[in-house]
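First comes the structure, then the notes that go with it.
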Amino acid sequence: MNRDAVDRIARAVLYEGYLLYPYRGSALKNRLRFNFGTLHPASWTETRGERSFLETEVLVRGGEPRVEGAARFLHLVEMPSPSGPWQQGREREVALPSRPGVERFSFSAEEDGQERLDGSIELSSMPLGPDLHRVRVRLRNEGVLDSSASREAALRRALVSAHLLLAVREGEFVSLLEPPEDAASAAAGCRNVGCWPVLVGVPGTRDTMLVSPIILYDYPAVAPESPGDLFDGAEIDEVLSLRILTMTDEEKREARETDPRARAVLDRTEALSPADLIRLHGALREPPREASLRPGAHVRIRPRQGGDVFDIALAGKAATVAAVERDDQGRLLLAVTVDEDPGRDLGVFGHRFFFHADEVEPLP
């Protein structure tokens, strides 16, 4: 597992929506905090349509696999700021039970403006076959709060941006997004409430899962060009960084005094060099398989079903990539010459056929 890459995407989930541009507590969108995966006390949620727990079910292969990991979330504390009270986040982590069962946890109020948190975490497992198991983890806010309490009071008793990071020993996780055929039915039967489990780490590895309150794909990653958290995954780093640089001195002063994390964002952005900003402009990355499809590459044609007469005639033929282009949707488009075609050596006047990257099979 690439621990740094996993921690980086997990932290991006933890702080998504924590503090939005212009990073001032007086901004309307920061006065009404919204974080994905916020678990409120159950007694407070009964009439409000909010959630008090998350529950995930994942598939694990192995004879006797052991799943371990932790729940992570923010514990808010009310602090003074130039625009009035502001809720800062303190990071909390609770380990999964070492064996199936329920464990309760609590975090006491360690500073003024902070409330006690109470919760439980439950682990269970059910065999579905000789080497396939369904593992369930449930994280619940067990706090008690009167239903008449304000939203701000409930947030101080909430598990904010709650998510799970799971690892497996002596086994491997099964993708729920793209399960193998023999596990497709079991994957469809997994129940996930308030969360979305995906594989994380080096693409192809299956030892770590992020159970996210945000819908992601398998192996999500923070772009290496990103200089750090901006707390808003819906924005483009370049655009947001340029906006930050246009803030007035008074706006920057208020942001810095609102939250230490806002201060870090501003300091980091103001320190960006012209070269750093250019790197934020964008990068074109190809999947490893596509990167091998260069002019001169040897391939076998495997057209998709429902093609034209040329697709039928050329299916299974060995060919050579003559040129690499992109279609109007940005997908890789290969111009190939068929190896057994007598006219393949006629240059631009020869027979060339076009296929997308997923319609050819690389050959040695």
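Within segment 55-95, take every residue that is among the small types (Gly, Ala, Ser) and under 27 Å from the mean Cα position of the chain (by Cα) and give me the one that is surrounded by the most Cβ atoms within 10 Å (Cβ to Cβ). It would help to see each step written out before you state the result.
Here is the first cut: in segment 55-95, the ones among the small types (Gly, Ala, Ser) are 62-63, 69-71, 81, 83-84, 89, 95.
Subsequent filtering for residues that are under 27 Å from the mean Cα position of the chain (by Cα) retains 62, 69-71, 89, 95.
Working: 62: 16, 69: 18, 70: 16, 71: 24, 89: 20, 95: 12.
Looking at the filtered set, the residue picked out is 71.
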Any idea which residue in segment 206-229 is most open to solvent (accessible area, probe 1.4 Å), counting only those that are small (Gly, Ala, Ser) and out of contact with any His (no Cβ under 9 Å at 6 or more places or on another chain)? 221
Note on segment 113-140: residues within 17 Å of residue 50 (Cα to Cα), under 23 Å from the mean Cα position of the chain (by Cα) and open to solvent by less than 10 Å² (accessible area, probe 1.4 Å) are 139
When both residues are 6+ apart or on different chains and their Cβ atoms are under 9 Å apart, which pairs have a first residue that lies in segment 215-238 and is under 17 Å from residue 263 (Cα atoms) and touching a residue at least 24 places away in the same chain (Cβ under 8 Å), and a second that is β-branched (Val, Ile, Thr) and not in a loop (DSSP other than H, G, I, E, B)? 227/269; 228/265; 228/269; 229/265; 230/244; 230/265; 230/269; 231/265
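Can you say whether residue 201 is small (Gly, Ala, Ser), in contact with a Pro (Cβ under 8 Å, 6 or more places away or on another chain), buried (at least 16 other Cβ atoms within 10 Å of the Cβ) and touching a residue at least 12 places away in the same chain (Cβ under 8 Å), as far as the supplied structure shows? Steps first, please.
Numbers: small (Gly, Ala, Ser): yes; in contact with a Pro (Cβ under 8 Å, 6 or more places away or on another chain): no; buried (at least 16 other Cβ atoms within 10 Å of the Cβ): yes; touching a residue at least 12 places away in the same chain (Cβ under 8 Å): yes.
Criteria not met by residue 201.
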What tally of residues in segment 316-346 results from selecting those that are open to solvent by less than 40 Å² (accessible area, probe 1.4 Å) and acidic (Asp, Glu)? 2
For the subset of segment 280-315 comprising residues that are surrounded by 14 or more Cβ atoms within 10 Å (Cβ to Cβ) and within 30 Å of residue 237 (Cα to Cα), which member is modelled with the lowest pLDDT? 290
Residues of segment 323-364 being assigned to a loop (DSSP other than H, G, I, E, B) and either modelled with pLDDT of 80 or more or within 40 Å of the chain's Cα centre (by Cα) (or both), which ones? 327, 328, 329, 330, 331, 339, 340, 341, 351, 352, 363, 364
Segment 25-34 - residue that is in a loop (DSSP other than H, G, I, E, B), open to solvent by less than 40 Å² (accessible area, probe 1.4 Å) and not aliphatic (A, V, I, L, M) and, of those, nearest to residue 266 (Cα to Cα): 25
Condition met for residue 167 (farther than 22 Å from residue 71 by Cα, in contact with a strand residue (DSSP E or B) (Cβ under 7 Å, 6 or more places away or on another chain) and hydrophobic (A, V, I, L, M, F, W, C)): no
Being closer than 30 Å to residue 166 by Cα, open to solvent by less than 60 Å² (accessible area, probe 1.4 Å) and touching a helix residue (DSSP H, G or I) at 6+ places or on another chain (Cβ under 9 Å) is the filter here; which residues of segment 230-249 pass it? 230, 231, 232, 235
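Restrict the check to segment 96-107 and report whether at least one residue is touching a strand residue (DSSP E or B) at 6+ places or on another chain (Cβ under 8 Å), closer than 28 Å to residue 27 by Cα and either exposed (fewer than 14 other Cβ atoms within 10 Å of the Cβ) or among the acidic types (Asp, Glu) (or both).
Narrowing segment 96-107 to residues touching a strand residue (DSSP E or B) at 6+ places or on another chain (Cβ under 8 Å): 96-107.
Of the ones still in play, those that are also closer than 28 Å to residue 27 by Cα are none.
There is no residue in segment 96-107 that is touching a strand residue (DSSP E or B) at 6+ places or on another chain (Cβ under 8 Å), closer than 28 Å to residue 27 by Cα and either exposed (fewer than 14 other Cβ atoms within 10 Å of the Cβ) or among the acidic types (Asp, Glu) (or both).
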I need every pair where a residue in segment 18-33 that is at pLDDT 90 or above has its Cβ under 7 Å from the Cβ of a residue that is of a type in the set (S, T, N, Q) and open to solvent by less than 50 Å² (accessible area, probe 1.4 Å), sequence separation at least 6 or different chains. 18/35; 19/30; 20/30; 23/258; 24/30; 24/258; 25/81; 25/258
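Can we say residue 277 is at pLDDT 80 or above, open to solvent by 30 Å² or more (accessible area, probe 1.4 Å) and in a helix (DSSP H, G or I)?
Values: at pLDDT 80 or above: yes; open to solvent by 30 Å² or more (accessible area, probe 1.4 Å): yes; in a helix (DSSP H, G or I): yes.
Judged against the criteria, residue 277 is a match.
The values are calculated or read from the model by the stated rules, or taken from the named source; none is laboratory data. Values in this document were obtained by computation on a predicted structure and should not be read as measured data. Glycine also receives a Cβ, built like all others from the backbone with ideal geometry; neighbour counts cover every protein chain displayed. Keep in mind that these areas ignore ligands, DNA and RNA; they rest on the heavy atoms of the full protein, side chains included. Shrake-Rupley method; radii C 1.70, N 1.55, O 1.52, S 1.80 Å.
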